[in-house]
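The values are calculated or read from the model by the stated rules, or taken from the named source; none is laboratory data. None of the values given here were measured: they were computed from a predicted structure. Don't worry about glycine lacking a Cβ; one is built from the backbone with ideal geometry, like all the others, and counts go over all protein chains shown.
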Amino acid sequence: MFSSAVTLSPSSTDAPVDSPPDTAMERILKEISAVGRRVEAMDSKITDLSADSKSIRADIAGFQDIVTDLDHGLHTIESKVAGLPDNESELHFR
């Protein structure tokens with residue numbers, strides 16, 4: 001059945017990639033290592049996406065400020081135009 005005397009020597013984990021694992025414990029350790037590498041890669045991607053998200057939010061906030069300034073300028077122009085006479089005969093040229 002199962003051997004309770006399974007031990008791994010340091011040299012057994014340094015086997016070439018092409019060689020199949022000798023024991024169930026080695027397969028488990030290799031799988032754990034592979035999962036760990038995938039988790040680290042995902043963590044790195046999440047960190048990058050978080051930084052990108054912050055940058056995008058800052059860009060959007062800047063764009064919103066520009067649109068607000070343009071809207072204010074447009075309202076200012078509209079109020080000035082509203083105060084002008086309606087027909088050309090009322091305009092006085094200097």
Filter result (modelled with pLDDT of 95 or more and of a type in the set (D, E)) within region 60-94: D65, D69, D71
Within region 9-36, considering residues that are modelled with pLDDT of 95 or more and small (G, A, S), the one nearest to the chain's Cα centre (by Cα): G36
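Listed residues V6, V39; which is among the β-branched types (V, I, T), modelled with pLDDT under 95 and surrounded by 10 or more Cβ atoms within 10 Å (Cβ to Cβ)? Before you say what the answer is, go through the steps one by one.
Values: V39 fails: modelled with pLDDT under 95.
Of the residues listed, the single one that is among the β-branched types (V, I, T), modelled with pLDDT under 95 and surrounded by 10 or more Cβ atoms within 10 Å (Cβ to Cβ) is V6.
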Only listed residue being among the β-branched types (V, I, T), part of a helix (DSSP H, G or I) and under 21 Å from the mean Cα position of the chain (by Cα), chosen from V39, V67: V39
